[in-house]
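Step one of this worksheet: look at the structure below.
The values are calculated or read from the model by the stated rules, or taken from the named source; none is laboratory data. Quick caveat: nothing in here was measured; it's all calculated off a predicted structure. Virtual Cβ from ideal backbone geometry, glycine too; neighbours counted across all protein chains shown.
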Amino acid sequence: MPKQRPILKNIISDATLSLETFQNATLRPIIKMQHDLILALFQSYVQKKKIDLITLENQKAKDKIKSIFEKDINFKHLILGIIIGHFTTEEFDIYNSNISEFHKRIIQITVQRIQDTLLK
């Protein structure tokens, strides 16, 4: 059964900027839809690299999760590819107009979701 993007309500208003509109209408639903896969990849990554997040205090674990995305470019690009691969042609054109900003937003949202899920 194919996955469908969730519809996130009440996050776009008339005052929302175009970057935020794309983030909230496209990026967030795709990241939410792919959350289980991203989480499984992340857990596999930390297991393979023998990183023990459980023994770290909460803030250090959060910092470590963020650090993984900053230091391991291959892993970061894998996550970006999982998200970008779900774009339509029109969405890709919007994304392509401001790649660095959207990369930053994708990684910020993804890191936050991983932290919130693993460090409850």
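Numbers for the structure displayed
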item: Which listed residue, of Val46, Val111, is modelled with pLDDT of 95 or more, in contact with a Lys or Arg (Cβ under 6 Å, 6 or more places away or on another chain) and more than 23 Å from Gln4 (Cβ to Cβ); result: Val111
item: Hits in region 50-77 (condition: closer than 21 Å to Lys32 by Cβ and in contact with a helix residue (DSSP H, G or I) (Cβ under 7 Å, 6 or more places away or on another chain)); result: Lys62, Ile65, Lys66, Ile68, Phe69, Phe75, Lys76
item: Close pairs from region 55-77: first over 18 Å from Ile106 (Cβ atoms) and surrounded by fewer than 16 Cβ atoms within 10 Å (Cβ to Cβ), partner modelled with pLDDT of 95 or more and not acidic (Asp, Glu), Cβ under 7 Å, at least 6 apart; result: Leu56/Lys64
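Okay, residues lined up against (1) among the aromatic types (Phe, Trp, Tyr); (2) modelled with pLDDT under 95; (3) outside any helix (DSSP H, G or I):
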site: Thr21; (1), (2), (3): no, yes, no
site: Ile31; (1), (2), (3): no, no, no
site: Ile38; (1), (2), (3): no, no, no
site: Lys66; (1), (2), (3): no, no, no
site: Tyr95; (1), (2), (3): yes, no, no
site: Ser100; (1), (2), (3): no, no, no
